[in-house]
Structure formats: C-alpha cells, structure tokens
Amino acid sequence: MYERKTIPNLNCGLDLIGEVLYGKWKIRLLWFINEGFQRPSELQRKIPDASRRVLNMQLKELEDHELVSKIIYPVVPPKVEYSLTDFGKTLIPIIAAIGGWGEEHEERLRKLILKRSEN
C-alpha cells in the first residue's frame, strides 16, 4: 500500500478538509452512499469511470476518516455495505451547497473547462 513520504500540512480547516476529501471520487461516494447506494457494485455502476481498485481505496480512506462505516455480512459470497456515519452525514449539506454552486454556474464552468482542455 502507498506510504506517504511527507507529513501533511494541517494548519487550518481547509488543509484538514482537503486531506479528508482529496480524491477524485470521494465526494461522489459520500453523496451516493447518502442516497442509499450502499453496495460496492452499486457504487461502481454510479461511477463507471472509476476503477474498482480506486473506489475501494477511496472507500477505505473514508472509512479511516470515520466518514463511512463498512458492514461485512457473513454469507457466501461475502456481502459488503457502506453507510454514512453521523460524522459523515455532517458533510452532506456542504456537498449539496457545492453541487448547487456548480449547477448555478454550470454554463460558465463548462465553457471554461472545455476551453482549458482545448489548449
């Protein structure tokens, strides 16, 4: 597993939130788990661009940060489900606000992103 070579800079709240939510799919994972998509296969279908390995790594990091909990049922084949912890649920209004901002500025952001990708 990846071992960090540098100590993270945790001097302010933005550093802390960046450390916890850094990762391309983490915000989406939290949102979809909140919406009731709890099984890894369901999350994979909701985020088809992400590899199963990356999703598992990011779910593990969210679990390590106590934002999600993982339940493994003792059946064959094993059944795994994720749910938000009470701590994880505190992020949902923030994620909703960020999503709302993106929707409010969707046209402008799309133009800027497409313009940048053309260069």
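The values are calculated or read from the model by the stated rules, or taken from the named source; none is laboratory data. If you're wondering where the values come from, they're calculated on a predicted model, not measured in any experiment. For neighbour counting, all protein chains shown are included, and Cβ atoms are generated from backbone atoms with ideal geometry for every residue, glycine included. Quick note on the areas: whole protein, heavy atoms, side chains included, nothing else; ligands and nucleic acids left out. Shrake-Rupley method; radii C 1.70, N 1.55, O 1.52, S 1.80 Å.
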Residue check: is residue 89 farther than 12 Å from residue 29 by Cα and over 14 Å from the mean Cα position of the chain (by Cα)?
no
Flagged in segment 64-93 as open to solvent by 70 Å² or more (accessible area, probe 1.4 Å), touching a helix residue (DSSP H, G or I) at 6+ places or on another chain (Cβ under 9 Å) and either part of a loop (DSSP other than H, G, I, E, B) or modelled with pLDDT under 95 (or both), in numbering order, are 66
Among 81, 42, the single one that is touching a residue at least 12 places away in the same chain (Cβ under 8 Å) and among the acidic types (Asp, Glu) is 81
Exercise for the section: Would you mind stating whether residue 107 is in contact with a Phe, Trp or Tyr (Cβ under 9 Å, 6 or more places away or on another chain) and either open to solvent by 40 Å² or more (accessible area, probe 1.4 Å) or not in a loop (DSSP other than H, G, I, E, B) (or both)? Expected result: no
Could we say that residue 114 is in a helix (DSSP H, G or I), hydrophobic (A, V, I, L, M, F, W, C) and touching a helix residue (DSSP H, G or I) at 6+ places or on another chain (Cβ under 9 Å) here?
no
